[in-house]
Protein chains: 2
Amino acid sequence: MTTIFETISEPIARRATAGLVRIGHVLRSRAWKGATPEGVTPTQGHALGLLREAEGGLSLGAIAALLGVSAPTASDAMSTLASKGLVDKAPGDRPRSINLSLTPQGEALAERTGAWPDFLTDAVETLNDAEQAALLRGLVKLIRAMQVKGDIPLQKLCVTCRYFRPNVHPEPEAPHHCALVDAPFADRHLRLACGEHQQADDDSFYEQWR
Amino acid sequence: MTTIFETISEPIARRATAGLVRIGHVLRSRAWKGATPEGVTPTQGHALGLLREAEGGLSLGAIAALLGVSAPTASDAMSTLASKGLVDKAPGDRPRSINLSLTPQGEALAERTGAWPDFLTDAVETLNDAEQAALLRGLVKLIRAMQVKGDIPLQKLCVTCRYFRPNVHPEPEAPHHCALVDAPFADRHLRLACGEHQQADDDSFYEQWR
DNA sequence: GAATTATATTAGGATTCCTAAATATAAAAG
DNA sequence: CTTTTATATTTAGGAATCCTAATATAATTC
């Protein structure tokens, strides 16, 4: 069926993109509001979050790649964090490399700040369960698609994990299975940063999920 | 039903938030890649987009509010755009105020750049129609919720428009109605920046949609 | 005419971002 | 054993982004 909206509107993919862009702007603007003397700037906060997720610390190059900025930018931010006593710089195992990790103070701040801006979580919670699950599913697919195209570094998604077994259970309320913890689960349980994630070699499981 | 995932996972709202935050970071990082000598920086590009949508130009204060930055930051960015010949500064109708508008060059650049980063639109297009519609619906609700709480300035959403008539048609493929163009439409047609939008006085229509 | 109000800019400074060049270091090559 | 090479980080330099606080300017109000 064709309505006037089919012809005068931007395609839905563009409107959804515009919505994501809009939310991105809000997040950036909000993040600066936390840049008080006791707090950290957006880039610094992002780096603290990455270090918190990374077992055993990260090199400067790894941080720069994950932040999506140049090495000098990352170096600046890390030096500032080090001077604030939030991050520790230790020699790495490769020539000239350093290993960055959180100090107890940095750990505490990252814990307190969290990776989830409350105002946005509050907004997500105004959606009902099905809508939240659909939103999460869409976001997982977006991130996965960007990963495949090389637009973003690999992330620890269930759908790219060696232990992911999609649609193996007949029960619609938990059709997938995690072979690591050996338990069934549903789309709404999909994770974006699983600590136990192991990258799968091929796409076969993902294909069964999509 | 309760699985292990219910207990060890972050709540779904937090995971969805984390996904949005992640996409926001990518967008910011990408936007800087366009900051070539011929291109514009992220904040400047955002401002160009706002001016393109605004009939008749905007004051500096309005730009600052819409960008979500302080007046001095906006003033800097607009001066740079003016010196690049992309924006025109004219006296406004209030004391000391200015009216900012796009020059033909600015119009052309805004047109060319667009508000929709292609790499993200491409990712959205990997979702099927139902998923795209669900994503758009979720984003519209998020933006609406943030608007209501005062987290972001008003935006021209269908669901807050005087002409929006939700769920008035029995046909599930186009249950809503736009009283301005007098045509039925569906969730997938929802707009985030309609030129004809007029803010509704109350919530009654939105309540029927949610 | 003086005080108030609204709006934008200037001042000053930290951070974010870039590219290009310099530096340090371990391993490999001669 | 010395030199080269590859790698990783930092320095240098500069534009843009961000903030708060102070300042200019024009219209309105008293």
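Every read-out reported here was derived from the displayed coordinates using simple, explicitly stated rules and does not represent laboratory data. Quick caveat, the model's predicted, so the values are computed rather than measured. Here Cβ is always computed from backbone atoms with ideal geometry, including for glycine, and neighbour counts include all displayed protein chains.
One decimal place: the segment residue B:128-residue B:82 gains 12.3 nm when fully extended, by the rule 0.36 nm per residue minus the C-alpha distance. Put simply, the amide H of residue B:161, placed in the peptide plane, has neighbours under 5 Å in B:200, leaving out anything fewer than 5 places away on its chain. Roughly speaking, what % of Cα-Cα pairs in the protein assembly as shown are separated by over 27 Å, rounded to a whole number? Distances greater than 27 Å cover 57 percent of the Cα pairs.
Amide H contacts under 5 Å for residue B:185: B:176, B:177, B:178, restricted to partners 5 or more places along the chain or on a different chain, H placed in the peptide plane at 1.01 Å from N. Helix B:42-53 and the long axis of chain B differ in direction by around 80°, with both axes built from C-alpha atoms.
Take every pair of alpha-carbon atoms less than 8 Å apart whose residues are at least six positions apart; their mean separation over the length of region B:129-209 yields a relative contact order of 34 percent.
Residue-wise HN-Hα couplings along region B:61-66, as the Karplus relation 6.51 cos²θ - 1.76 cosθ + 1.60 with θ = phi - 60° gives them from phi, are x, 5, 4, 4, 5, 5 Hz; Gly and Pro carry x.
Give the whole-number value, in cubic angstrom per residue, of the convex hull volume spanned by the C-alpha atoms of region B:34-118.
91
Pairwise Cα separations in chain B fall into 5 Å bins from 0 onward with the following percentages, short to long: 1, 6, 11, 15, 16, 16, 14, 10, 6, 3, 1, 1, 0. The GNM of chain A, with springs linking C-alpha atoms under 10 angstrom apart, assigns the highest mean-square fluctuation among A:135, A:48, A:157 to A:135. Relative to the longest principal axis of the Cα atoms of chain B, helix B:104-113 runs at roughly 30 degrees. Computed from the C-beta positions of residue A:93 and residue A:71 and an R0 of 25 Å, the FRET efficiency is 0.85 to the nearest 0.05. Taking a sphere under 12 Å around the Cβ of residue A:129 and counting the other residues whose Cβ falls inside, with K and R at +1 and D and E at -1, yields a net charge of -3. Among the listed pairs A:156/B:141; A:149/B:149; A:84/A:156; A:84/B:33; A:156/B:84, those whose Cα-Cα separation exceeds 32 Å are A:149/B:149; A:156/B:84. Phi-derived couplings, Karplus 6.51 cos²θ - 1.76 cosθ + 1.60 at θ = phi - 60°, listed residue by residue for region B:87-103: 9, 10, 9, 10, x, x, 9, 10, x, 6, 7, 10, 10, 9, 8, 6, 7 Hz, with x used for Gly and Pro. Annotation note: GluC sites (Glu not before Pro) in region B:151-210 located in DSSP loop regions with a Cβ neighbour count of at most 15 within 10 Å are B:173, B:196. Taking every alpha-carbon pair under 8 Å whose residues sit at least 6 apart, chain B reaches a relative contact order of 13 percent. Give the residue list of GluC sites (Glu not before Pro) in region B:1-55 that are DSSP loop and have at most 15 other beta-carbon atoms within 10 angstrom. Answer by residue number: B:38, B:55.
Taking a ≥ b ≥ c as the square roots of the Cα gyration tensor eigenvalues, with a/c under 1.5 meaning rounded and otherwise prolate when a/b beats b/c, else oblate, which class fits region B:92-210? It is oblate, given that a/c is not under 1.5 and a/b is not larger than b/c. The phi-based Karplus calculation (6.51 cos²θ - 1.76 cosθ + 1.60; θ = phi - 60°) puts the 3J(HN,Hα) values of region B:152-161 at 9, x, 4, 10, 8, 8, 3, 5, 10, 9 Hz, whole numbers, x for Gly and Pro.
Residues considered: B:54, B:64, B:16. Largest GNM mean-square fluctuation over chain B, using C-alpha springs under 10 Å, is found at B:16.
Close amide H contacts of residue B:99 (hydrogens built in the peptide plane, cut-off under 5 Å, sequence separation of 5 or more or a different chain): B:90, B:92. Principal-axis analysis of the Cα atoms of chain B puts helix B:71-83 at an angle of about 60° to the longest axis. Which stretch or stretches of region B:80-94 have amide N atoms under 14 Å from the point lying 7 Å from residue B:107's Cα along the Cα→Cβ direction? Taking a point 7 Å out along Cα→Cβ of residue B:107, the residues of region B:80-94 whose backbone N falls under 14 Å are B:86-88.
Sparsely packed loop sites in region B:71-100 (the trypsin sites (Lys or Arg not before Pro) outside DSSP H, G, I, E and B with at most 14 other Cβ atoms within 10 Å) comprise B:96.
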